[in-house]
Amino acid sequence: MSAQDKLGAIYRALTAGAIILIAVAYLSPIWWVSLAAPQYPEAAFPQGIRIHFHMDGVFNGCKLIESAEKHEEEALNCKHEMDAINHYVGMYPIAAGGPVERSYSPFLFSLLGLMLVTFMVPGKKARVGLFAAGSIAIAVWMGAAMHGTGGMKLLSPNYVYDVTTTMDLEPEDYAEWSGLESVRESCLEALGRYFRDMAKINPQVDLMMTWANAIFWLILGGMAALTVGLLILRPVYWLMALIPAALPVFFVIEYAAWLWWFGHSLSDMAAFSVKPFMPTVLGQGKVAQFSTFSYPHYGLGLIVAASALLLLAMLIRRKQLKEDT
């Protein structure tokens with residue numbers, strides 16, 4: 001095997017490893033948040049009131065406790081518990097955050113995977129053909145899921161579980177929902193669960209649906225632009241790896257932005273009035289008598305590792321192309 005072939009095999013192996021890490025990360029908790037307070041003693045709540053953020057949903061982070069102080073038949077629903085705590089100071093339920101991003105997550109991650117496979121393929125024509133075919137497949141799937149009757153079932157199973165359990169729905173309740181309808185209904189439920197001020201809720205839901213429709217066309221337009229770019233602009237080839245490598249940065253920015261929204265969109269109907277605030281993004285914070293904890297979970301470590309592999313793969317690929325030239 002020549003030196004060129006060895007470099008090619010190495011960068012492709014690194015890229016394939018990154019694809020696997022990102023795929024596993026999509027199924028894993030990315031971040032965790034916990035609340036601790038005197039009414040939740042450490043003996044009975046060793047991790048406080050804890051929730052786990054995934055790319056496609058937010059889930060209970062509390063485990064079944066068996067101790068001398070406490071016996072449980074099933075684990076406490078800490079997501080519901082945290083919503084109940086937060087609403088006293090006017091914060092909306094957790095389900096109000098990121099509804100569009102969570103619903104579109106399977107398409108976005110499929111697109112990232114397609115970009116990385118394209119990065120591995122030699123030859124411009126082969127790359128363009130592969131990316132175009134994959135983009136068409138994603139577009140058909142996304143159109144059926146987001147706009148088709150019953151399309152919600154084509155979304156991530158975790159997303160469907162999160163929405164339906166949060167809203168306490170039976171299968172027949174959402175059997176005909178499209179993905180966009182699931183976004184609308186989950187937004188209405190979350191924003192109106194504790195604070196039924198429809199004059200404020202309806203504009204927020206309308207704004208979210210405008211964003212949901214815009215994202216649909218942005219994804220389609222982005223795939224078309226990348227396909228053309230692969231054909232006529234050499235730097236676009238490097239975006240196939242660079243964009244997935246930036247995934248941890250995208251997540252942290254998105255996460256922090258939604259925390260800001262929660263802390264600055266407090267309802268006037270709250271039992272206790274507090275000034276708008278920025279919840280803790282990373283580390284330990286304090287809100288009233290509650291201590292808050294916010295830290296990365298192992299899923300973030302997976303995508304950071306994937307980013308490192310991709311950056312190394314790009315350097316090796318650049319060296320290979322330079323030596324070939």
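Throughout, read-outs are computed from the coordinates displayed, never taken from laboratory work. Since we're looking at a predicted model, the values are computed, not measured. Note that each Cβ is placed from the backbone with ideal geometry, even for glycine, and that neighbours are counted across all protein chains shown.
Quick notes on this structure:
- Here the average projected area of the convex hull drawn through the C-alpha atoms of the stretch 131-181 stands at 3.5 nm².
- Cα long-axis angle, helix 157-166 against the chain (0 to 90 degrees, to the nearest 10): 10 degrees
- The alpha-carbon atoms of the stretch 1-116 define a convex hull whose volume equals 156 cubic angstrom per residue.
- Fraction of C-alpha pairs exceeding 17 angstrom in the stretch 75-121: 57 percent, rounded to a whole number.
- A dipole drawn for the chain from +1 and -1 charges on Cβ atoms has a positive end, and of 266, 128, 307 the residue lying farthest that way is 128.
- Across the alpha-carbon set of the chain, the Rg to Rh ratio works out to 1.02, Rh being the Kirkwood radius.
- In this Cβ point-charge picture (+1 for Lys and Arg, -1 for Asp and Glu), the stretch 92-232 has a dipole of about 860 debye about its Cα centre.
- With one equal scatterer per alpha carbon and no solvent term, the Debye-computed log10 I(q)/I(0) for the stretch 168-325 at 0.11, 0.16, 0.20 1/Å reads -0.75, -1.18, -1.33.
- The angle separating the long axis of helix 298-324 from the principal Cα axis of greatest extent in the chain is about 10 degrees.
- For the stretch 92-232, averaging the sequence separation of C-alpha pairs within contact (under 8 Å, six or more residues apart) and dividing by the residue count gives a relative contact order of 33 percent.
- Filtered trypsin sites (Lys or Arg not before Pro), the stretch 12-104: DSSP coil and at most 14 other beta carbons within 10 Å: 63, 70
- Rg followed by Dmax, in Å, when the stretch 92-232 is reduced to its Cα trace: 17.3, 58
- Scaling the Cα radius of gyration of the stretch 50-155 by the globular reference 2.2 N^0.38 Å produces a ratio of 1.59.
- Mean separation of Cα contacts under 8 Å, 6 or more apart, over the residue count of the stretch 244-325: relative contact order %: 30 percent
- Computed label-point distance, nm, for sites residue 274 and residue 172 using a 7 Å Cα→Cβ extension: 4.2 nm
- Loop-located chymotrypsin sites (Phe, Trp or Tyr not before Pro) in the stretch 209-284, at most 13 other Cβ atoms within 10 Å (DSSP): 272
- Size of charge dipole - the chain - debye, nearest 20, with Cβ of Lys, Arg +1 and Asp, Glu -1, no other charges: 1880 debye
- Positive-pole candidate from 199, 223, 22, dipole of the chain, charges at beta carbon: 223
- The value for the stretch 217-276 of Rg(Cα) / (2.2 N^0.38 Å) is 1.85.
- Pairwise centroid distance, computed over Cα atoms, of the stretch 250-325 with the stretch 175-197, Å: 25 Å
- Helix 3-26 vs. the chain, principal-axis angle (Cα, 0 to 90°, nearest 10): 20 degrees
- Contact order relative to length of the chain, as percent, for alpha carbon pairs under 8 angstrom and 6 or more apart: 30 percent
- Note on residue 63: lysines with a C-alpha under 26 Å away, same-chain residues under 8 apart excluded, are 79, 286.
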